[in-house]
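As structure tokens, the structure follows; a few thoughts come after it.
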Amino acid sequence: MQNPWIYVGLFMIVGMLIPIAALVVARLLAPRKPNAIKQSTYECGIETVGDNWVQFKAQYYIFGLVFLVFDVETVFLFPWAVSLNKLPLFAVFEGIIFILILLAGLAYAWKKGMLEWV
Amino acid sequence: MNASQVLFLVFAALTLGSALMVVTTKKMIHAAFWLIATLFGVAALYALLNAGFIAMVQLVVYVGAIAILFIFAVMLTRKDLRDSAKSLNANWGWAALFSALMFGGFAILLRQWDGFGMKEAGALPATDMITKLGTALVTPTQYLLPFEVASVLLLAALIGAVYVAATNK
Amino acid sequence: MIPISWYLIVAAALFSIGLFGVLARKNAVAILLGIELMLNAVNINLVTFWRYNAPATVTGQVFAIIVFAVAAAEVAVGLALVISIYRNRKTVIADDLDMMKW
Amino acid sequence: MTFWTDPFNFLFAWLSGVFQGWGMNEVLATVLVWFVGILLLVTFAMVLDIFLVWVERKVVARFQDRLGPNRIGPFGIFQPFADIVKLLIKEDITPIGADVILFNLAPIFSMMSVLLLWAILPFAPKMYGVDLNVAMLYLVAAGSIGTLSVIMAGWSSNNKYALMGSFRTVAQMISYEVPMVAAILVVTLMAGTMGTVGIVEAQQPFVPFWVYSPLALLIFLISAIAELGRSPFDLNEAESEIVAGFHIEYTGMKFGLFYAGELLHSFTFGGFIALLFFGGYRFFGLENLSPIVGAIIFLAKAMFFYWVIMWVKYTVPRIRIDHMLAFNWKFLTPLAFILLMVTALVNRLLLGSAWLVPGLFVSNLILIWLTIEYLKSQARKTRAQEEASVQSVAAEA
């Protein structure tokens, strides 16, 4: 077999089948007598007010944003890290510059006070 | 039809089917989840192309970060998503026609290309792809400039986005 | 093996679907979703051409990674704009955003 | 090739021969054998998971000076089976207004994201699922599926608390992924490969990677605990604030999948700590006896680090969400990337010389010392500010 990803794909299928099997067994064994009280939303036992359409903090977006940038950065850094031992010394500095540029972005967000959870 | 072709068709169907759902489904949050399905399908296509690195990057960047960011944005801006009954604008008929024409144009263009009938991919080199990629990214004669420019681009995006999202809170 | 034409057709179809999304959706976030689909279609093409035409080089993969970086930057800024506009105008419907029109 | 020297391939060849004897072609036989093998591996993981429930309950009891389960079987070892029976026959409730499909998919994805990691765990030489050359990225990608399942569960439950809990959890998981990946990058850099087997083979028996870079181990351990959502980073289930986080509305087996997934995830990360920093299946040449011995060594190491994670969990109190995020973005992430840069430089400069390991070790120590000094000065500054404000308040009164 040329392609190891077929194995990974099979693993994915089995990894889904096992939990599904557990749920199916539970479905067969467990009783099912739904009623409105039982199915109501649970919030510490008091009556639920409104639905779950609550407003969110923009802060979540900021953290997601910084994460996205660093995530993409690692994509570039992984090949760099793998091949570093076979490369001349200046390749190290190129990587360091790359990281520093991105840390500057983090520093900017920090200075702007965007990393505070207010 | 051999096994890999069947696999391809399955993943292509997944990709295109969920892509259609992305552009037509009414609830924005569902559109975001359908996008994730599309991205999975595309990652599987990469894996079929022996581009394991790209497939993983697809999952890490798109599913792990971009899709999450989309879901965050949908949650943040959803107040009037509930109210708007129609998800498509008035010109959607023209848009559909234009897209179909675009696809037809692509098909005609591609048919004229010499390589279109290619059935077999070339043999993969024995050397490790990742090492080659890393070497190419930091060799000045190859892709050093895009490598560094990418980090500047990401920096600019981060600063710009933080600035835009942060004002008047 | 899978003929190259299959990949190219799938990529073209994905691009067209994304284009439809960009043109027809009302919601600004949905328009960005459509752009993501189009970028993905481009990436499929890049990787396919790498695999079929030049598997010995890394050009296609480098291009694909750069497209990832561009997509990430585009999403970050685009969504930040949408959120900012939403905060000021309380809408994300693209047709209602006519501040620049008069 | 006997079962003793190469169990996986021996079984593979035998079973493949059996299937081909039934008239299957080679490809189909291979896929089928793989399928059976994966099924066995995953089943092993699930059985181990049942055992982990018992271990967890016993260990937490010891930490809290209790006995723990002791009624069913010797030392209460059959307690988890009773738990499973209870979970199976419990009524499965879907809350009104839930998004049924996503609601059901979330626990499945949660479990799958953990099980997927078992594909790349090398239990012993020649005893592993698959040796990907992008295994470390695969680890991150599987983690992102876990993040997705959290968001799915939180959103589809149609519950405010679940949604808030899921958002907190996701913010935490994605934040701590950054230093974790940086620590992985340090290891990748030292090993020169992303493959799990290559990383294990790159570590000599007496100097595994934690000697090279103790700081990377610390960073990885902290961010792995946060990634797992275990205490002190278990804000997602801060009972007093948001009841139970994203799985508040889940009952019966679906809740069980989340719970079991968390335990197995912890164990798997114990395995990854062993693999990345403690030489995986290597133990002073003992692994050369047989891969089976290697697998036992590996599982023992994984169990040890699972215990370490539990130790942290039941010792340290929960921290606040703003502290948690600030700790990550203002401290751990910059530190991890500074470590990465230092390691890259030292590693490249001393490559091939005998000074490589001492050099890396000393550079790590210096970095740790500098960090501590910096923290000290920051703490002093903060304390002075606090005292000044207290005094001014007192003066006003």
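Each reported figure results from applying straightforward, stated rules to the coordinates on display, with no laboratory input. Every value quoted in this text rests on a predicted model; they were computed, and no experiment measured them. Here the Cβ positions follow ideal geometry from the backbone for every residue, glycine too, while neighbour counts run over all protein chains shown.
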How do B:Met118, D:Met310, D:Met112, C:Met1 rank when sorted from fewest to most other Cβ atoms within 10 Å of their own Cβ?
C:Met1, B:Met118, D:Met310, D:Met112
If D:Ile184, D:Ile366, A:Ile96, C:Ile4 are placed from fewest to most neighbouring beta carbons inside 10 Å, the sequence is D:Ile366, A:Ile96, C:Ile4, D:Ile184
Output wanted: per-residue J couplings in Hz (rounded whole) for the range D:77-82, from phi through Karplus 6.51 cos²θ - 1.76 cosθ + 1.60, θ = phi - 60°, x for Gly and Pro.
5, 8, 3, x, 5, 4
For a paramagnetic label modelled at 7 Å from the Cα of D:Glu373 toward its Cβ, which residues of the range D:337-359 fall within the zone defined by backbone nitrogen distances under 15 Å?
none
Under 19 Å from the 7 Å Cα→Cβ point of B:Ser4, by amide nitrogen: which residues of the range C:39-57?
C:44-57
Given all pairs of different Cα atoms, what value in angstroms does the Kirkwood hydrodynamic radius of chain B take?
19.9 Å
Give the long-range amide H neighbours of C:Asn27: residues separated by 5 or more places, or on another chain, with amide H under 5 Å away, using H modelled in the peptide plane at 1.01 Å from N.
C:Ala94
Using Cα positions and a limit of under 27 Å, work out the lysines in reach of D:Lys90, with same-chain residues fewer than 8 apart set aside.
A:Lys33, A:Lys38, D:Lys58, D:Lys160, D:Lys254
Calculate the translational D of the protein assembly as shown in whole µm² s⁻¹ from Stokes-Einstein, where the hydrodynamic radius comes from the Kirkwood formula applied to all Cα pairs, the temperature is 20 °C and the viscosity 1.002 mPa s.
78 µm²/s
Give me the number: length gained by fully extending D:Met24 to D:Val85, i.e. 0.36 nm times residue separation minus the C-alpha to C-alpha distance, one decimal in nm.
18.0 nm
Jot down the per residue volume, in cubic angstrom and as a whole number, of the convex hull over the alpha-carbon atoms of chain C.
100 Å³
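Using alpha carbons only, what's the Rg to Rh ratio of the range D:1-98 with Rh from Kirkwood?
My calculation of the ratio gives 1.21.
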Quick one: if the Förster radius is 51 Å, what FRET efficiency do D:Ala394 and D:Leu286 give, using the C-beta to C-beta distance and rounding to 0.05?
0.20
Return the distance in nm (one decimal) between the two label points of a simple spin-label model at D:Val60 and B:Leu144, each offset 7 Å from Cα along Cα→Cβ.
5.5 nm
How many Cβ atoms of partner chains, on average, are near each residue of A:109-115 if near means within 10 Å of its Cβ?
5
Just rank A:Ile6, D:Ile96, A:Ile99, fewest to most, by other beta-carbon atoms within 10 angstrom.
D:Ile96, A:Ile6, A:Ile99
Residues with amide H under 5 Å from that of D:Thr251, placed H, sequence gap 5 or more:
D:Ile93
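Taking the Cα centre of the range D:140-285 as origin, sum charge times position over the Cβ atoms of Lys and Arg (+1) and Asp and Glu (-1), and report the length of that vector in debye to the nearest 20.
Here the range D:140-285 has a charge dipole of around 180 debye.
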